[in-house]
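A short worksheet on the structure shown next.
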Amino acid sequence: MESVALRLCMVRKTMIKSDRKYYIDNLRWTCILLLIPYHAAMAWNCWGEKNYIWFQANKGLSAFITLISPWYMPLLFVLAGMSARYSLQKRAVKAFVRERVTKLLLPFFIGMVTVVAGITYYADSFHNGYTDGFFAHYRIFFIRFTDLTGYDGGWTPGHLWFVLYLFVISIVALGVIWLQKRFFHSFSCKNIKMYGIYLLGILPAIGSLLLDIGGKSLGMYMALYLIGYYVLAEEVVVEKIVKNRVWNLIIMLAADILDVYLFIWAENANATLNTVMMYIALWFGILAIIGFGQKRFNFSNSVTRYLTSRSFQIYIIHFVWVVAFQFYFGKVTVNIWMLYIVPVVLSYIMTIVSCEIFERGNFILGRMLKRK
């Protein structure tokens, strides 16, 4: 009897474990890891953006940036909306808000005075020849307000705009969800048809017209978050996306490649067509990646669990290493691939090392406080 009970307990644990949508976690950390080569390539953008470090225009690396830029950040907001749906099914709103504060808002402020301040220090040194020390540069960082890019060493949210946007959207979305439950209690997207899912791609385009701050629209990302929460968190909807994943991928690649051609290679390209291709690549890219992710990436092992646990830390920390390595390597070589590949590899290594130092520091501090 004891062995039977033990087996039943193990089966029950397995069933509970299998309910977790591992592909959401896995797609999230994959997108975040992709940011290191993406941000490194920005040092060669060919559309005139100064960036924190900029060497020269290179159409090959610029094409790589343009290829992934339509869908990778939008996908993160969709995944966040899906995760919020599952999270709110298991915890109270207060616990959810508390988690948002500790996981997003506090790291945002810490990252601002450490990582982002470091990035602007290197940018000021590279572009303006700043020679005083890092700590002396805090005065410039906090009082110089220009275009908010930080390329001149002034204040900027940097890459942490995503963390801040996600916090704001998560909190505002709670109000939207409350209103929906209050006035449309039985609202459900389970029966949405595939053409309806395709038509939802119009919403981010419309949302992009709202609350655009520095080229990053709160309206668009809010729309994507809510689509993730209400539509793509439905299992029956994901099943439809999985069935159509190959066609979604074909459409996404066609639009993405045309977007790259129009933006990077074509002369006097039609701007409207370019924008349309970008939004098609955005939406069908999200659908294709979620479809293939659920089908092929829905598993857990020691590596995926580790990267899942470190994903937000990697996001916050990685950029300062990219900029620092490119800054110093730029002093000793002009070889484009040395300046790109070596900093990318070293940034991966030092980002993971930094995460481990941070984790062990938290662990030691926690043990010390516990003893007291």
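The values are calculated or read from the model by the stated rules, or taken from the named source; none is laboratory data. All values reported here derive from a predicted model rather than from experimental measurement. Note that each Cβ is placed from the backbone with ideal geometry, even for glycine, and that neighbours are counted across all protein chains shown. Protein only, heavy atoms only, side chains kept; ligands, DNA and RNA dropped before computing areas. Shrake-Rupley method; radii C 1.70, N 1.55, O 1.52, S 1.80 Å.
Tell me which residues, restricted to segment 189-199, are in a loop (DSSP other than H, G, I, E, B) and surrounded by 11 or more Cβ atoms within 10 Å (Cβ to Cβ). Answer for segment 189-199, where residues must be in a loop (DSSP other than H, G, I, E, B) and surrounded by 11 or more Cβ atoms within 10 Å (Cβ to Cβ): Cys189, Ile192.
Tell me, which residue of segment 102-126 that is over 23 Å from Phe145 (Cβ atoms) and either among the aromatic types (Phe, Trp, Tyr) or free of Cβ contacts under 8 Å to residues at least 60 places away in the same chain (or both) is surrounded by the fewest Cβ atoms within 10 Å (Cβ to Cβ)? Selected residue: Thr102.
With respect to Ile53, determine if the residue is at pLDDT 95 or above, outside any helix (DSSP H, G or I), more than 11 Å from the chain's Cα centre (by Cα) and crowded, with 19+ Cβ neighbours inside 10 Å. In short, yes. Within segment 64-79, can one find any residue that is part of a helix (DSSP H, G or I), open to solvent by 30 Å² or more (accessible area, probe 1.4 Å) and either free of Cβ contacts under 8 Å to residues at least 24 places away in the same chain or not polar (S, T, N, Q) (or both)? Looking through segment 64-79, at least one residue is part of a helix (DSSP H, G or I), open to solvent by 30 Å² or more (accessible area, probe 1.4 Å) and either free of Cβ contacts under 8 Å to residues at least 24 places away in the same chain or not polar (S, T, N, Q) (or both).
If you go through segment 201-210 and keep only what is in a loop (DSSP other than H, G, I, E, B) and either open to solvent by 30 Å² or more (accessible area, probe 1.4 Å) or in contact with a Gly (Cβ under 7 Å, 6 or more places away or on another chain) (or both), you end up with Ser208, Leu209, Leu210. Ser311 meets the conditions (1) open to solvent by 30 Å² or more (accessible area, probe 1.4 Å); (2) farther than 15 Å from Lys243 by Cα; (3) in contact (Cβ under 8 Å) with a residue 24 or more places away in the chain in every case but one. The failed one is (1).
Against the criterion of being open to solvent by 40 Å² or more (accessible area, probe 1.4 Å) and at pLDDT 95 or above, Ile213 does not qualify.
The set of residues from segment 274-293 being in contact with a Lys or Arg (Cβ under 9 Å, 6 or more places away or on another chain) and open to solvent by 50 Å² or more (accessible area, probe 1.4 Å) comprises just one member, Phe292. So for segment 324-338 (the condition being part of a helix (DSSP H, G or I), modelled with pLDDT of 95 or more, surrounded by 13 or more Cβ atoms within 10 Å (Cβ to Cβ) and among the β-branched types (Val, Ile, Thr)), does at least one residue qualify? There is no residue in segment 324-338 that is part of a helix (DSSP H, G or I), modelled with pLDDT of 95 or more, surrounded by 13 or more Cβ atoms within 10 Å (Cβ to Cβ) and among the β-branched types (Val, Ile, Thr). Residue count for segment 246-273 under the criterion of being of a type outside the set (A, V, I, L, M) and under 17 Å from Gly196 (Cβ atoms): the result is 2. Considering only residues in segment 339-372 that are open to solvent by less than 50 Å² (accessible area, probe 1.4 Å) and over 18 Å from Leu61 (Cα atoms), the one that is modelled with the lowest pLDDT turns out to be Gly366. Within segment 220-243, can one find any residue that is under 21 Å from the mean Cα position of the chain (by Cα), open to solvent by 40 Å² or more (accessible area, probe 1.4 Å) and among the basic types (Lys, Arg)? The answer is no; no qualifying residue exists. Within the span defined as segment 21-34, one or more residues are under 12 Å from the mean Cα position of the chain (by Cα), surrounded by fewer than 16 Cβ atoms within 10 Å (Cβ to Cβ) and modelled with pLDDT of 90 or more.
Listed here are the residues, each with its yes/no results for (1) farther than 15 Å from Pro74 by Cα; (2) in a helix (DSSP H, G or I); (3) touching a Cys at 6+ places or on another chain (Cβ under 9 Å).
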position: Ala223; (1), (2), (3): no, yes, no
position: Gly228; (1), (2), (3): no, yes, no
position: Val237; (1), (2), (3): yes, yes, yes
position: Val242; (1), (2), (3): yes, yes, no
position: Leu249; (1), (2), (3): yes, yes, no
